[in-house]
Every structure is written in C-alpha cells, then in structure tokens.
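Please read the structure below before turning to the comments.
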Amino acid sequence: QKEVEQDPGPLSVPEGAIVSLNCTYSNSAFQYFMWYRQYSRKGPELLMYTYSSGNKEDGRFTAQVDKSSKYISLFIRDSQPSDSATYLCAMSEGNTGGFKTIFGAGTRLFVKA
Amino acid sequence: DSGVTQTPKHLITATGQRVTLRCSPRSGDLSVYWYQQSLDQGLQFLIQYYNGEERAKGNILERFSAQQFPDLHSELNLSSLELGDSALYFCASSVAAGGMETQYFGPGTRLLVL
C-alpha cells in the first residue's frame, strides 16, 4: 500500500463547476500537507499548505485536512479552463534534521469552456 | 519562472552510461531537493541538501548520488543507467530545511536512456 493514495483521474468538468480533489494517507507521522499544481511540461508549483486539521481558504481554493480520517481535499470554486492541470497532494514528515516529502500520483483535471 | 534553473533540459544517453544533472537554486535558498517523476511512479523524493550537507534521503538508488557545493548549486549523478531510469528529474529549492518550507521547482531535466 502506498503511503499516499490519489486518484489519477482524469477528471473533466464544465467551466464554473466546483472541483473536489482528494488524497488519503496511511502514515500518521505526516505533519504538513500541501497541494501543488503542475502544468504540462512544467515543474510543480505550490498552491496551498496547511499544518493542522481544518480548512484553509485562498481565493477560489480551499484546502481541507482531516487528520483523524487521514484524508485531505482541495476544492476549486468557479473552475476556469486555466485550472486545467495535474494537481498533486504532498505530505511531509521529519524534524529539524530534515524532512521527507511524499507526493500523490496526481489527478489530471480538465475544465471545459 | 520559479528562479530555479536546471541543465540540461534534455539528455539522451545509453544504458550503462553516467550522467550529471545540475541545479542552481533561487537566490538566497539554502536547501535543494531532487525528485524523479515517471509515468508509473509519479513524483518521488530522492534527496535533500541544506547548506552543503545531506538532510533527508528518500528512495534514491545506490547508483545515484548527489552533492551540494559551497556556492549552493547541486548536482545529481546517475550511473550505470538503466532503461527504467528514463524520467523527468526535478530540482527544487527552499529558503530553509523545514517541513513547511515552500519548495520552488525548476523546469526539470528530461532523461531518456536508450
């Protein structure tokens, strides 16, 4: 079993739809939770990060973490064609000596105009 | 543009060969990370350096090694290459070494082993 599970999709939605992307994890040592967006042939870019359980909002994006269920989500409101990309969840564990980051497989999202 | 540069952009080589990938972090960033991205394995963390010292190790093969130099650039050395090493190799950098540090990714080096 992988430490981080993410449905690779693809997920296709119409413009304006609310998108829900999810990851589950098995390692309770993960402390930090992140969402990255990766456009084709580009490096990933950080969208959001959070440390604790609960919600964090940034514009049209909301990240949700439920540590008790080992489940994280990213919601995209009013989705736009420019949101079409691969979305990767990522989680880190470690200490001041160093951190290891594990990425999900990524979900490919297509937003149709 | 993240400010992280990687060279070369593309590399084609043969099995058994050795290659070196280079990464220059963003100005001011002390931490460098290496990742491998392939279609079947996704993005895999390989290794992290902070200010010249190894800080964390992931699923890095013994045939692979890395180092970070005093000027903070880093090199990833891949030897005895196999077909399965064909992948996109990303370097990322961050200011410090903590788990919440924002990692800025470079454009990647696409390696093809024939």
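The values are calculated or read from the model by the stated rules, or taken from the named source; none is laboratory data. For clarity, every value in this text was computed on a predicted model and none was experimentally measured. Cβ sites come from the backbone with ideal geometry, for glycine too, and all protein chains shown count toward neighbours.
Below, the figures for the structure above:
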quantity: Output for segment B:61-81, where each listed residue is hydrophobic (A, V, I, L, M, F, W, C) and not in a strand (DSSP E or B); calculated: B:61, B:69, B:72, B:81
quantity: Selection from segment B:53-81 of residues that are more than 9 Å from chain A (Cβ to nearest Cβ) and within 13 Å of residue A:98 (Cα to Cα); calculated: B:53
quantity: Number of positions in segment A:42-75 that are within 11 Å of chain B (Cβ to nearest Cβ), crowded, with 17+ Cβ neighbours inside 10 Å and closer than 19 Å to residue A:94 by Cα; calculated: 2
quantity: Selection from segment A:1-30 of residues that are of a type in the set (A, V, I, L, M), part of a strand (DSSP E or B) and under 15 Å from the mean Cα position of the chain (by Cα); calculated: A:4, A:11, A:19, A:21
quantity: Odd one out for residue A:68 among (1) part of a loop (DSSP other than H, G, I, E, B); (2) free of Cβ contacts under 8 Å to residues at least 24 places away in the same chain; (3) under 16 Å from residue A:106 (Cβ atoms); calculated: (3)
quantity: Subset of segment B:82-100 (residues that are surrounded by fewer than 21 Cβ atoms within 10 Å (Cβ to Cβ) and assigned to a loop (DSSP other than H, G, I, E, B)); calculated: B:82, B:86, B:95, B:96, B:98, B:100
quantity: Residues that are among the aliphatic types (A, V, I, L, M) and touching a Ser or Thr at 6+ places or on another chain (Cβ under 8 Å), drawn from segment A:89-113; calculated: A:90, A:91, A:102, A:109, A:111
quantity: Test: residue in segment B:30-37 that is modelled with pLDDT under 95 and among the small types (Gly, Ala, Ser); calculated: yes
quantity: Some residue of segment A:32-41 being polar (S, T, N, Q) and crowded, with 18+ Cβ neighbours inside 10 Å; calculated: yes
quantity: Top-ranked residue in segment B:83-114 [being under 17 Å from the mean Cα position of the chain (by Cα) and more than 14 Å from every other protein chain (Cβ to nearest Cβ); ranked as nearest to residue A:43 (Cα to Cα)]; calculated: B:111
quantity: Test result for residue B:26, in contact with a Lys or Arg (Cβ under 8 Å, 6 or more places away or on another chain) and among the basic types (Lys, Arg); calculated: no
quantity: Residue that is surrounded by the most Cβ atoms within 10 Å (Cβ to Cβ), among those in segment A:76-113 that are within 12 Å of chain B (Cβ to nearest Cβ) and at positive phi; calculated: A:106
quantity: Selection from segment B:34-52 of residues that are at the interface with chain A (Cβ under 9 Å from one of its Cβ atoms) and over 19 Å from residue B:86 (Cα atoms); calculated: B:48, B:50
quantity: Members of segment B:1-16 found to be among the polar types (S, T, N, Q), surrounded by 14 or more Cβ atoms within 10 Å (Cβ to Cβ) and not in a strand (DSSP E or B), listed by number; calculated: B:2
quantity: Some residue of segment A:31-50 being assigned to a loop (DSSP other than H, G, I, E, B) and touching a Leu at 6+ places or on another chain (Cβ under 8 Å); calculated: yes
quantity: Top-ranked residue of segment B:32-81 - restricted to ones that are in contact with a Lys or Arg (Cβ under 7 Å, 6 or more places away or on another chain) and among the hydroxyl-bearing types (Ser, Thr, Tyr), ranked as surrounded by the most Cβ atoms within 10 Å (Cβ to Cβ); calculated: B:49
